[in-house]
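Sharing a structure below in structure tokens format, with a few things to ask.
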There are 2 protein chains.
Amino acid sequence: MPNVPPDLTRLSLDDKRRLVFRQLQAGKEQEQGRGVPHQGDRDGFAALITDFEPLSVARPLPQHRLLESMAWLMAHARCIKEGIRAPARVQAVWDEVTTQVAHYGVSPDIIRQREIALAPAACADHALADLGVDAIPIYADLHTDPHGALLDRRMALYAACVDQLLDQAYPPTEARTPPDDLIHVTCSGYLAPSPVERLVSRRRWTETTVTHAYHMGCYGAFPALRMAVGFLAASQVGLSQPKRRIDVLHTEYLSLHADPLKQAPADIVSTSLFGDGFIKYALYPVTLARQQRKRGLKVLTLKESIIPDSAREMTWNLAPHAFDMYLSKDIPLWIGDHILALVEALLRSVHLDLTQARHQCVFAIHPGGARILDVVKQALRLEEAQVAASRKVLYEHGNMSSATIPYIWREIVADQNIPAGTRVISMAFGPGLTATGAVLEKSEGAV
Amino acid sequence: MPNVPPDLTRLSLDDKRRLVFRQLQAGKEQEQGRGVPHQGDRDGFAALITDFEPLSVARPLPQHRLLESMAWLMAHARCIKEGIRAPARVQAVWDEVTTQVAHYGVSPDIIRQREIALAPAACADHALADLGVDAIPIYADLHTDPHGALLDRRMALYAACVDQLLDQAYPPTEARTPPDDLIHVTCSGYLAPSPVERLVSRRRWTETTVTHAYHMGCYGAFPALRMAVGFLAASQVGLSQPKRRIDVLHTEYLSLHADPLKQAPADIVSTSLFGDGFIKYALYPVTLARQQRKRGLKVLTLKESIIPDSAREMTWNLAPHAFDMYLSKDIPLWIGDHILALVEALLRSVHLDLTQARHQCVFAIHPGGARILDVVKQALRLEEAQVAASRKVLYEHGNMSSATIPYIWREIVADQNIPAGTRVISMAFGPGLTATGAVLEKSEGAV
């Protein structure tokens with residue numbers, strides 16, 4: 001275990017537990033000694049989300065360019081499928097698809113750019129029509145299969161992409177202590193061993209526990225948070241080895257699942273809405289995080305609920321070529337009808353009401369799409385400034401599924417205008433329909 | 001929420017939290033009052049695994065019959081693929097495949113029977129050759145595609161099977177309180193919404209949180225345990241709503257992923273080893289479980305580790321027709337080399353050594369195959385009687401992936417010869433290679 005400081009590797013489990021408890025205790029005493037208000041027993045078990053590290057494998061591409069490439073690819077695939085070659089008929093398909101994409105595609109006013117890990121860098125400056133579909137690995141055999149590559153090929157590309165991200169996230173030469181836990185969140189690629197398990201295997205991190213938080217869609221950051229908070233709490237009460245740091249890694253490679261023959265309005269919406277998104281962050285017990293002066297978000301409470309009878313509104317299932325998405329246009333209405341009850345329940349558990357929250361809190365809302373932000377804003381009667389971080393992340397990245405909310409948390413932590421102590425009401429939505437949320441508290445890392 | 005007692009639905013979160021704390025406290029006082037030895041603070045956070053309910057959709061089929069059907073199906077698919085029709089050549093393929101299956105297939109001495117959810121009941125008494133492949137839904141179009149159905153069709157069958165299991169597990173007319181959490185464990189079917197999310201949606205269990213513990217293979221019960229223990233600990237320290245009961249549901253529909261054209265020795269081993277397996281159980285805070293006189297296993301400690309450089313030994317990946325398994329024949333050797341270190345680390349954290357454990361403890365070992373039980377027994381120098389529960393579950397069900405270990409736990413809880421207080425050393429293995437374990441303690445449910 002080259003990356004574990006030698007003193008730790010020689011300690012028994014019990015010694016390690018004693019060491020961590022001593023540090024937790026020291027953190028509390030230090031706090032009390034310096035006159036920082038003591039936050040009660042709950043703090044000893046609370047977790048801080050910190051160390052946000054966005055990751056990427058490709059420069060984001062401008063949305064106008066992506067819409068153009070998407071239309072060209074769809075028209076091209078349709079001509080192959082239908083055996084259309086005569087220039088006038090090809091032009092008619094192109095005109096029709098372009099009109100549809102212009103009508104249903106998400107506008108560059110809402111999403112400026114998206115990372116598309118599949119696309120070569122040249123796509124930023126050249127139309128896909130000029131580069132040719134061969135430039136994109138899953139479309140290399142489009143002439144024989146206009147749906148694109150089969151699922152096993154796409155999963156191999158997913159693995160290669162995540163391997164590259166993991167080398168960014170954990171440089172092989174870095175001497176940092178490995179995390180006690182590594183939670184891998186994705187709804188876009190499943191392999192066993194997963195790329196994360198292979199990383200832990202080749203780095204010989206035998207004290208690192210890997211957990212997969214898979215197939216929970218856009219709200220995936222919240223189950224991961226539940227797991228991380230639970231693992232820390234369980235370790236602090238002695239039910240597992242003591243844990244100092246849990247890393248969470250989101251790898252959402254959504255462009256991998258495109259099928260250019262899916263051309264219904266709902267398909268055009270989703271293909272123009274989702275961007276690839278990758279991010280790593282860490283959770284520490286709050287007392288340890290304070291000693292290390294970490295800035296971040298303390299987890300105060302979590303709640304999740306499935307909206308009755310809304311199961312059909314959104315699906316994400318496995319198919320021979322790719323994972324297959326369906327989004328109903330009514331999703332924002334369902335969320336608009338149910339979000340108030342979720343937020344009120346969250347607020348009750350931290351003794352706030354919505355009027356107080358509106359004046360004192362910041363909101364981190366998963367921007368499933370622009371309309372979702374609008375309905376949540378309206379249902380909770382928020383000002384535009386209160387959803388600005390969500391709007392900004394959508395504009396700069398598109399909907400990155402589970403990776404989106406961590407990017408918004410990162411904005412809030414970095415924002416100097418949001419003082420320490422500010423409560424952050426965070427929420428996300430996904431298949432189920434599931435509505436989930438947390439109350440967090442900004443912490444500036446002062447000891 | 002028709003299944004929630006009316007008093008609970010009307011309570012605020014804080015009222016519920018107070019209620020649960022009061023019950024926890026009452027449990028402790030009751031214990032102390034009746035002279036049961038007080039187990040220290042740790043007990044207040046510990047969880048009990050209980051209420052094991054095996055589920056099934058089909059009668060198990062005898063292994064000799066399954067081997068015969070498997071050989072027939074493989075020969076049939078190969079003849080289709082290779083365009084073989086002449087009776088003499090068909091006979092030659094049949095002879096060759098039968099010899100291979102007899103040589104590499106798991107013997108009926110090791111596995112007596114397996115549940116195969118795909119197979120109609122008639123398969124118990126009739127050869128598949130007589131029934132015809134059309135009797136099995138994924139082979140209905142074998143003549144046009146000898147790999148069997150494509151992945152989307154298999155996932156739809158998975159969903160229908162799990163819907164049926166969920167109606168068994170949670171009868172629609174039952175008035176029992178829904179669980180606070182429902183953890184769904186599987187490595188054989190992914191849909192969003194999952195069947196479990198759809199259940200919660202149509203029953204309107206708006207206070208039930210669903211978590212997917214997916215794609216972790218045969219060791220999946222342990223990550224689920226980590227999650228459940230963590231969710232209970234987090235709720236008990238006030239980081240989420242109070243939780244009284246977490247249900248865990250395993251749905252391993254492995255026969256769904258068969259591909260009769262996969263005919264290498266390793267494929268014959270895995271197809272004849274894995275059986276479908278379904279089971280539900282619950283975790284309660286120990287103090288609540290005692291009040292309800294639950295018999296079960298208290299979770300004392302958990303540990304998991306990835307064996308360095310063994311990633312290639314076992315894979316389970318998505319492909320266009322089905323999930324695709326590879327098992328190296330060296331897996332038992334890797335486990336044999338590493339199991340001692342894992343078990344010693346587990347024992348250290350509960351202040352036991354291996355010599356004590358050999359005399360005092362029961363072992364619940366995932367029977368990945370008969371050889372895995374043999375090497376673990378040898379590495380830990382156990383008696384055959386100490387691995388009897390594992391051997392028995394393998395014999396009666398085959399390897400049911402993540403569902404196997406809960407069946408073994410259930411055997412141990414039901415076994416009158418194993419007294420309360422007995423420590424249970426439990427372990428499982430899967431892709432990574434991951435080796436994971438827990439120390440549990442049998443509890444008889446006396447107040």
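The values are calculated or read from the model by the stated rules, or taken from the named source; none is laboratory data. Please read all numbers here as calculations on a predicted model, not as lab measurements. Because the Cβ atoms are built from the backbone with ideal geometry, glycine has one as well, and the counts that use them run over all protein chains shown. Ligands, DNA and RNA are excluded from the accessible area calculation, which covers all protein heavy atoms including side chains. Shrake-Rupley method; radii C 1.70, N 1.55, O 1.52, S 1.80 Å.
Please say if region B:284-386 is rounded, prolate or oblate, where rounded means a/c under 1.5 for a ≥ b ≥ c the square roots of the C-alpha gyration tensor eigenvalues, and otherwise the choice is prolate for a/b larger than b/c and oblate otherwise?
Oblate, because a/c is 1.5 or more while a/b does not exceed b/c.
To the nearest 10 square angstrom, how much accessible area does B:Trp94 have with a 1.4 angstrom probe?
80 Å²
Also, I was wondering about something else. For A:Pro419, go 7 angstrom from Cα along the Cα-to-Cβ vector, then report the distances to that same point in the other copies in nm, smallest first.
6.4
Determine how large the accessible area of A:Phe363 is when every protein chain is in place; take a 1.4 Å probe and give Å² rounded to the nearest 10.
So the heavy atoms of A:Phe363 present about 0 Å² to solvent.
Would you check the accessible area of B:Lys377, probe 1.4 Å, heavy atoms only, in square angstrom rounded to 10?
Here the residue's solvent-accessible area equals roughly 50 Å².
Could I have the simple spin-label model distance between B:Tyr326 and B:Asp152, label points 7 Å from Cα toward Cβ, reported in nm to one decimal?
A separation of 2.8 nm, rounded to one decimal place.
Semi-axes of the equivalent ellipsoid for the protein assembly as shown, please: Cα gyration tensor eigenvalues, times 5, square-rooted, ordered largest first, whole Å. Could the numbers behind the result be given before it?
Values: eigenvalues 317, 302, 125 Å².
Listed largest to smallest, the semi-axes of the protein assembly as shown are 40, 39, 25 Å.
So what is the accessible area of chain B per residue, in Å², with the probe set to 1.4 Å?
On the way: 16100 Å² over 447 residues.
Heavy-atom SASA per residue in chain B reads 36 Å².
In terms of Cα to Cα distance under 14 Å, which aspartates and glutamates are near enough to A:Lys81, apart from those fewer than 8 places away along the same chain?
A:Asp141, A:Asp145, A:Asp259
Please give the net charge around A:Ala403, taking every other residue with its beta carbon less than 14 angstrom from that of A:Ala403, where Lys and Arg add +1 and Asp and Glu add -1. Could you put the intermediate results ahead of the total?
Values: positive: A:Arg114, A:Lys280, A:Arg410; negative: A:Glu53, A:Glu115, A:Glu252, A:Asp276, A:Glu396, A:Glu411.
Result for the local shell: -3.
Additional query: Could you pull the Rg and Dmax for region B:59-215, using just the Cα atoms, both in Å?
19.8, 64
Before we go on, tell me the buried accessible area for the B/A pair, both chains summed, 1.4 Å probe, in Å² to the nearest 100.
6000 Å²
Also, I was wondering about something else. Using the Cα gyration tensor of region A:327-447, with a ≥ b ≥ c the square roots of its eigenvalues, what is the shape: rounded (a/c below 1.5), prolate (a/b larger than b/c) or oblate (neither)?
In terms of gyration-tensor shape, oblate.
Please report, in debye to the nearest 20, how large the charge dipole of the protein assembly as shown is about its Cα centre when each Lys and Arg carries +1 at its beta carbon and each Asp and Glu carries -1 there.
2280 debye
Anything losing 10 Å² or more of accessible area from the isolated chain to the full protein assembly: pick those residues out of region B:204-221, probe 1.4 Å, ligands and DNA/RNA ignored.
The answer is B:Arg204, B:Thr206, B:Glu207, B:Thr208, B:Thr209, B:Val210, B:Thr211, B:His212, B:Tyr214, B:His215, B:Met216, B:Tyr219.
Roughly how many percent of the accessible protein surface of the protein assembly as shown is carbon and sulfur, given a 1.4 Å probe and a whole-percent answer?
52 percent
Something else about it: Helix-derived [θ] at 222 nm for the protein assembly as shown: sum -39500 (n - 2.57) over DSSP H runs of at least 4, divide by residue count, nearest 500?
Values: 32 runs with 375 residues, N = 894.
Theoretical 222 nm ellipticity from helices: -13000 deg cm²/dmol.
Bin width 10 Å, alpha-carbon pairs only: give the P(r) of chain A as whole percents, running from 0 to the bin holding the largest distance.
Taking all Cα pairs of chain A, the binned fractions are 4, 20, 29, 24, 14, 6, 2, 0, 0 percent.
Please report, to one decimal in angstroms, the Kirkwood hydrodynamic radius of region B:192-319 built from all distinct Cα-Cα pairs.
17.7 Å
Among the complete DSSP H segments of chain B, which ones combine at least 18 Å of alpha-carbon extent along their axis with a mean Kyte-Doolittle hydropathy of 0.5 or more? Don't skip to the answer; put the middle values down first.
Values: long enough: B:13-33 (30 Å, -1.42); B:63-82 (28 Å, -0.20); B:87-104 (25 Å, -0.26); B:151-169 (26 Å, 0.17); B:221-236 (22 Å, 1.09); B:331-348 (25 Å, 1.26).
Result, helices passing both filters: B:221-236, B:331-348.
Let me ask something else. When only Cα pairs under 8 Å and 6 or more residues apart are kept, what is the percent relative contact order across region A:38-153?
Answer for region A:38-153 is 33 percent.
For label points placed 7 Å from Cα toward Cβ, what is the shortest-first list of nm distances from A:Gln292 to its copies?
3.8
Tell me the label-point distance for the pair B:Glu396, A:Asn417, using the 7 Å Cα-to-Cβ offset, in nm and rounded to one decimal.
6.5 nm
B:Ala341 to B:Ala122: extension gain in nm, 0.36 nm per residue of separation minus the Cα-Cα distance?
74.1 nm is the gain from fully extending B:Ala341 to B:Ala122.
On to the next question. If r is the Cβ-Cβ distance from A:Arg112 to A:Arg176 and R0 is 30 Å, what FRET efficiency results, to the nearest 0.05?
0.30
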